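Report on the structure given below.
FYI, it's all coordinate maths here, none of it is from the lab. Quantities reported herein were computed from a predicted structural model and do not represent experimental measurements. Positions of Cβ are generated from backbone atoms using ideal geometry, with glycine treated the same way; all protein chains shown enter the neighbour counts.
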Amino acid sequence: MLCVVVMAGCGGHHRTPTASVPPPPEAGSTRSAVNAPAATAPVIEPEPEAPVPPNAKVIYTETGWASWYGPSYHKRKAANGEVYDMNAMTAAHRTLPLNSLARVTNLKTGHSELLRITDRGPFVNNRIIDLSRTAAQKLDVYRPGTAQVKIEVLQSPVPIDQGGKWCVQIGAFKNSDDATALKDRLVRRYRSAKILQFTSPIGEDWLRVRVVDDDKQRAQALIQETHTDAGMFLVRLD
């Protein structure tokens, strides 16, 4: 049995999608659409790189499309509890443990930067990472909006391939009635789940479903059993 607590409103950032740039071609692996860059934007010097031992080994690798997020989420709380600063060298990822340190490389230009995972997303298919604005500028992603990158994790506070607290995020919905209708269906079917319906900073409606014990297998099963035109994303909470 999956009792449902339904809450309205959204606390913090928990990574909902960003504004809009045409999606990249269907390729590679898989968070939100990026904020369209202004014609000119100042390049702000980032915070110092997070310390990583010089002999640190790569413990996880992933390749796919990157996008970036900025003004709509600037100064809002990120998933790790910090206030998101689009001028810092950070990024959002759906499943890497929060506060992991990763080297991100633009596969076209070869530019690499060390980033800290502080947030959740992107919630758009065929995107694997959302960069802060400054990280996007450093990695040549800011102006094109998207680019193929390689992620190499060098440090993680907890194991990447086991444990964790997991949920399912569903959206964005074209209108709030569609979100409410699906929420009601899920409430009836998964009575031990907790379901949050909220609106993102850019006005889109989303659902977040937390299954019993935040168990990964239960969350994956819910994705398999749920049918909706909105996107469904497995998200690690910790």
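Couple of notes before you dig in:
- Enclosed volume per residue, in Å³, of the convex hull spanned by Cα atoms of region 107-175: 135
- The percentage of C-alpha pairs in region 151-196 whose separation is greater than 17 Å is 54%.
- Per the Debye formula on identical point scatterers at the alpha carbon atoms of region 141-238, with no solvent, log10 I(q)/I(0) at q = 0.13 Å⁻¹ is -0.56.
- Charged-residue dipole, Cβ positions (Lys, Arg, Asp, Glu), region 70-174 about Cα centre, Debye nearest 20: 300
- Percentage relative contact order, region 97-181, counting C-alpha pairs under 8 Å, at least six apart: 37
- For the listed peptides 173-181, 120-128, 158-166, a ranking on the average number of other beta carbons within 10 Å per residue, highest first, reads 120-128, 173-181, 158-166.
- Judged by the mean number of other Cβ atoms found within 10 Å, the most tightly packed of the peptides 58-66, 140-148 leads the ranking 140-148, 58-66.
- Trypsin sites (Lys or Arg not before Pro) restricted to region 184-238 and DSSP loop, no more than 14 other C-beta within 10 Å: 191
- Shape summary: region 193-237 maps onto an equivalent ellipsoid whose semi-axes, from the alpha-carbon gyration tensor, are 19, 13, 9 Å in decreasing order.
- In region 73-187, the convex hull through the Cα atoms has an average projected area of 8.6 nm², a quarter of its surface area.
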